[in-house]
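One structure is given here, and the rest of the page talks about it.
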Amino acid sequence: MQREPEAANGAGSPTPAAPYYQAQGDEVALFAQCHERKLAVMLKGPTGCGKTRFVEYMAWKLGRPLITVSCHDDLTTSDLVGRFLIEGGSTVWQDGPLTRAVRGGAICYLDEVVEARQDTVVVLHPLTDHRRILPIDKTGETIEAAPGFQLVISYNPGYQRMLKDLKPSTRQRFVGIDFDFPQPEREVMIVAHEGGVDTALAHELVALGARLRQLHDRGLVEVPSTRVLVAAARLIASGIPPRQACYAAIVAPLSDDRALTGAMDDLILASFI
């Protein structure tokens, strides 16, 4: 997908350029239809395959503000909805990111939602059906979602565990879009563009990534993502030797197991003689 040209808005300032995104299939049209029909979306795919960049691109394409929340074990309902704060001797309510998105008609993106506590995720339910409301128990307020609001969540199925999964009652409230690493020709384009290297080097890095991903069968829990290939490309573009750049950006972050790091290093040496 090519970038769209910048255009001037009504105030005379340029419209932000589109985030660089290479479509993998029909996900752009599917997401746009979900947005138009007020459906929540669930993105599933491995780490570093482009889920977050896709949401950024769609927010730009649809002309909606984007509010992103990185979920974690300690994320509470108050972190999402809001809380009372003491200011100057008085108590003041402060909206959380989810509430700001609901009021402002923004896209609210909850990244790695399975990391959040189950009692926190339940607060999303009234926003993901026909009601499209957010009850705030602490203030007694019920907010109707403004036009343009959309809830988007993502997670990596490879990390699913019995205690780290969405309940069926939650999953069925979302339209699911599956992601994977791009096809080689598209991944080459991404690595070249994002990494600032020529196509030939990008092709070598993508080919290396494909060979390293085969080590999953030998115990490599997390395989190289497009993100780490881009990181390696950026290091090489800055003048770091390819072998050193690939070890630092790909091998070191993926494993501490000597057998696996040795196998990955051997593949790097064979790729960059």
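Only aspartates and glutamates eight or more places from Lys167 in sequence, or on another chain, were considered; those with a Cα closer than 12 Å are Asp119.
Spin-label model, Ala32 to Gln118: label points 7 Å out along the Cα-to-beta-carbon direction sit 3.9 nm apart. Surface composition of segment 26-178: carbon and sulfur atoms hold 51% of the protein heavy-atom accessible area at a 1.4 Å probe.
When both bridge partners sit in the chain, DSSP labels roughly 40% of those beta bridges antiparallel.
Counting only the Cα atoms, segment 26-178 fills a convex hull of 116 Å³ per residue. Note on segment 219-273 and segment 15-31: Cα centroid distance 28 Å, given to the nearest whole angstrom.
Each DSSP beta bridge with both residues in segment 26-178 is either parallel or antiparallel, and the antiparallel ones are about 40%.
Taking segment 80-117 and a reference point 7 angstrom along Cα→Cβ of Ala146, the backbone N atoms nearer than 17 Å belong to 81-82, 94-109. With all protein chains kept in place, the per residue accessible area of segment 184-270 amounts to 51 square angstrom at a probe of 1.4 angstrom. Projecting the Cα positions of Val197, Phe179, Leu220 onto the charge dipole of the chain (unit charges on Cβ atoms of Lys, Arg, Asp and Glu, taken about the Cα centre) puts Phe179 furthest along the positive direction. Net length available on complete extension from Ala252 to Thr68 is 63.4 nm, with 0.36 nm assigned per residue and the Cα-Cα distance removed. Farthest towards the positive end of the charge dipole of segment 26-178, among the residues Leu62, Gly105, Val121, is the Cα of Leu62, using unit charges on the Cβ of Lys, Arg, Asp and Glu. So how tilted is helix 199-213 from the main axis of the chain? Cα-based, degrees 0 to 90, rounded to 10. Helix 199-213 sits roughly 80 degrees off the main axis of the chain.
The values are calculated or read from the model by the stated rules, or taken from the named source; none is laboratory data. In this text, all values refer to a predicted model and were calculated from it rather than measured experimentally. Cβ sites come from the backbone with ideal geometry, for glycine too, and all protein chains shown count toward neighbours. Note: areas computed on protein heavy atoms with side chains; ligands, DNA, RNA excluded. Shrake-Rupley method; radii C 1.70, N 1.55, O 1.52, S 1.80 Å.
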